[in-house]
1. Return the loop-located GluC sites (Glu not before Pro) in the stretch 81-132 (DSSP other than H, G, I, E, B) with at most 16 other Cβ atoms within 10 Å of their own Cβ; answer none if there are none.
2. Using a simple charge model, +1 on the beta-carbon of Lys and Arg, -1 on the beta-carbon of Asp and Glu, nothing else, what dipole does the chain show about its Cα centre, in debye to the nearest 20?
3. Placing unit charges on C-beta atoms (Lys and Arg positive, Asp and Glu negative, everything else neutral), compute the dipole magnitude of the stretch 149-253 about its Cα centre in debye, rounded to 20.
4. Mind pulling the angle between the C-alpha long axis of helix 353-363 and the longest principal axis of the chain? Nearest 10 degrees, somewhere in 0 to 90.
5. Under the rule of at least 5 residues apart or a separate chain, name every residue whose amide H is placed under 5 Å from the amide H of I125.
6. Relative contact order for the stretch 6-241: what is it in percent, counting Cα pairs under 8 Å that are at least 6 residues apart?
7. How high is the relative contact order of the stretch 267-372? Use alpha-carbon pairs under 8 Å, at least six apart in sequence, and give a whole percent.
8. Would you work out which of T51, S297, S129 lies farthest towards the positive end of the dipole of the chain? Charges go on Cβ: Lys and Arg +1, Asp and Glu -1.
Amino acid sequence: MSIHTKILPVDKNSVSFKGEKPVFSDEATEKSLRLAANVVRSAGQVVAFPTETVYGLGGSALDDDSVKAIYNAKNRPADNPLIVHVSSVDQLQRLILTRLHKVPSIYEKLLAKFWPGPLTILVPIEEGSPISALVTTGQKTVGVRMPDHPIARALIALSDTPLAAPSANASTRPSPTLASHVMFDLKGKIPYILDGGACLVGVESTVVDGLSSPPMLLRPGGVSAEDIRKFGGDEWGNLVIAKKTAGKLEPVKTPGMKYKHYSPTAKVILFVNCGNGIDAITNYTKGLEGKFALLKSSRFACAEEMGILGAIERSLGNSATEMAHSLFRELRDVDEMGVDYILVEGVDETGDGLAVMNRLSKAASEVVNGNQS
Ligand code: TXA
Ligand code: MG
């Protein structure tokens with residue numbers, strides 16, 4: 001059954017906070033947020049909303065039907081746990097940990113430094129926890145973060161409801177960084193999208209597990225591994241980075257992948273250690289028919305020099321931070337223009353480059369490594 005999907009425009013600059021209470025200087029924004037807050041408070045209801053990382057699809061983490069509605073709208077496999085979003089540490093304590101637990105002390109310095117912001121921590125939950133078991137898919141931990149986006153925080157604060165919210169894309173598609181991306185994927189499947197403009201960070205939050213020893217980085221994201229080691233305190237100096245799914249960067253070309261993620265319809269080919277890209281791309285495209293897009297960072301030459309005349313050429317930016325911001329948008333954009341191949345320049349896996357390369361290596365069906373050819 002298809003439902004009407006309505007866009008609710010909101011202005012993030014019109015929201016400020018008095019302590020933890022949102023204050024609005026724009027009536028329309030306040031009205032949209034109050035409506036959305038009522039929706040997410042209701043059982044079985046969801047709303048898409050902007051965060052500083054990507055748009056999320058939120059519903060009450062305390063209600064099974066809301067969580068089911070999230071999985072259904074996205075067509076997400078039910079064994080992948082969701083992140084719960086809070087607007088304050090007080091809310092985390094009151095509504096998630098309850099009287100059963102305190103926030104584990106290992107996170108103290110990280111939260112002081114990076115909350116609100118793109119960092120998700122795993123905290124313990126046990127029987128008696130009010131969090132829906134569908135959120136955690138039966139795990140003994142739940143991932144929690146406090147988003148920095150004023151619209152996201154205001155929505156959670158007004159509803160006083162911890163929101164389970166995965167990225168608001170259809171499963172397997174690139175994450176949405178604009179309301180129009182959410183509309184493209186979820187039109188007819190959800191009632192409301194709060195449109196707060198473009199997301200600043202552009203890739204999802206960093207997920208860390210401080211409950212295991214040594215602590216683990218489960219997903220690279222908006223906070224770099226270097227910064228977690230630097231600011232987290234002594235224990236975080238030993239941070240281990242969880243291995244990428246299939247070691248995709250190892251072979252020269254890795255056809256196929258274990259599972260699809262962040263994938264446009266076009267075929268994505270990731271080029272690493274290929275210098276200005278001229279040799280690698282000339283070789284790769286020799287004899288290939290079809291329409292090409294070239295997504296460049298700081299080293300690649302122009303399409304003409306690579307012999308792919310007529311290719312759509314886009315810059316992802318000159319730093320990994322800029323690439324993170326534009327990556328999903330450009331993948332979606334050139335895909336909608338109907339290209340057959342998207343050729344992408346990789347970056348070093350340092351700083352924000354780790355998150356960028358994690359997303360790119362999952363989006364790509366082939367990796368060309370110039371060091372191994
Ligand atoms: O930036 C973000 O984190 C965005 C915005 C909307 O906040 N949300 C997001 O959610 O990316 P999602 O569901 O697309 O990704 C959640 C990630 C998955 O990789 C999941 O496996 C992991 O977090 N995760 C969640 N809970 C977990 C848990 N208890 N244990 C291990 N991994 C967990
Ligand atoms: Mg996602």
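Each reported figure results from applying straightforward, stated rules to the coordinates on display, with no laboratory input. These figures come from a predicted structure and were not determined experimentally. Glycine also receives a Cβ, built like all others from the backbone with ideal geometry; neighbour counts cover every protein chain displayed.
1. Numbers: sites: E108, E126, E127; in loops: E126, E127.
Taking the stretch 81-132 and a limit of 16 other Cβ atoms within 10 Å, the loop GluC sites (Glu not before Pro) found are E126, E127.
2. Details: 40 positive and 41 negative charges, 133 e Å.
So the magnitude is around 640 debye.
3. Values: 11 positive and 10 negative charges, 96 e Å.
That gives the stretch 149-253 a dipole magnitude of about 460 debye.
4. Rounded to the nearest ten degrees, it is 80.
5. Answer set, sorted by chain and number: T141, V142.
6. Numbers: 538 pairs, mean separation 67.2, N = 236.
So the answer I get is 28 percent.
7. Values: 184 pairs, mean separation 44.9, N = 106.
Taking the mean separation of contacting Cα pairs over the length of the stretch 267-372, I get 42 percent.
8. S129
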